[in-house]
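Notes to accompany the following structure.
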Amino acid sequence: MGGPHGHTLHFHAHSPVHRAPAHLKVLALLGFVLVVVATPRGWWPAYAAYLVVVLGVIALSRVPATYLLKRMVVEVPFVFFAVLLPFVAHGPRTDVLGLSLSESGLESAGALLAKGTLGVLASLTLAATTEPQELLVGLERLRVPDLLVQIMGFMVRYLEVVTTELQRMKVARESRGFTARNPRHWPVLARSAGALFIRSYERGERVHLAMLSRGYTGRMPR
């Protein structure tokens, strides 16, 4: 049985997509996204072909569709903006369900949704089929600057630590009877976010000093 393994986005399996070298998958994703972005709006057959390619890779990877769909919530801002476009765009208008919408806005919204969905789906497929450490090694093989790779590595390692700290702060607030219910409580949440940033920054300083005391010279040991 497959399941999460090593990271919240990774789905453990033994498919050909999982076994493919990480740097090749990164290059494939980058090329795919560039092609999708460069496709003019209105070329709906091309978008349909791209979707078939992505779905084919997902089927080959054996990652359940529901596993990816639950994580596509990151696309919500794109959807919200796309819904607004037909109402605020200029140009000839048409009636849809009794609403006066811009024709160019409808076309732009459709293209935005198509490109956003394809990009998010392809990125989630990469994350679901590649362990974080393998991804970092792949970026090194692609000659990404070492410092950027190290920063991304620490982001992956300490994301769960910061998330746990945020959860503890939430429990502490609720244990004192505080629950965010309306905009009047936003200042409290803002102060909590500031406190979390300071704690994370101080933790980073301590980790950096610990690394220096152990002989860190700018490159991480294998």
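The values are calculated or read from the model by the stated rules, or taken from the named source; none is laboratory data. Everything numeric here is computed off the predicted structure, so don't read it as measured data. Here the Cβ is made from the backbone with ideal geometry for all residues, glycine too, and neighbour counts use every protein chain on show. These area figures cover heavy atoms from the full protein model, side chains too; ligands, DNA and RNA do not enter into them. Shrake-Rupley method; radii C 1.70, N 1.55, O 1.52, S 1.80 Å.
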Under the condition of being of a type in the set (Val, Ile, Thr) and free of Cβ contacts under 8 Å to residues at least 12 places away in the same chain, which residue from the stretch 41-72 is farthest from residue 119 (Cα to Cα)?
66
Only one of 212, 166 that is under 30 Å from residue 145 (Cβ atoms), surrounded by 13 or more Cβ atoms within 10 Å (Cβ to Cβ) and not charged (D, E, K, R):
166
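Among the listed residues 154, 178, identify the single one that is of a type in the set (Phe, Trp, Tyr), more than 30 Å from residue 35 (Cα to Cα) and assigned to a helix (DSSP H, G or I).
Selected residue: 154, the only one of 154, 178 that is of a type in the set (Phe, Trp, Tyr), more than 30 Å from residue 35 (Cα to Cα) and assigned to a helix (DSSP H, G or I).
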Quickly run through the stretch 28-47 and pick out the residues that are part of a helix (DSSP H, G or I) and either open to solvent by 50 Å² or more (accessible area, probe 1.4 Å) or among the β-branched types (Val, Ile, Thr) (or both).
28, 30, 33, 34, 35, 36, 37, 38, 44, 45
Find the residue count for the stretch 57-86, including only residues that are more than 18 Å from the chain's Cα centre (by Cα), open to solvent by less than 70 Å² (accessible area, probe 1.4 Å) and farther than 17 Å from residue 11 by Cβ.
3
Can you tell me how many residues in the stretch 22-42 are at pLDDT 90 or above and in contact with a helix residue (DSSP H, G or I) (Cβ under 7 Å, 6 or more places away or on another chain)?
10
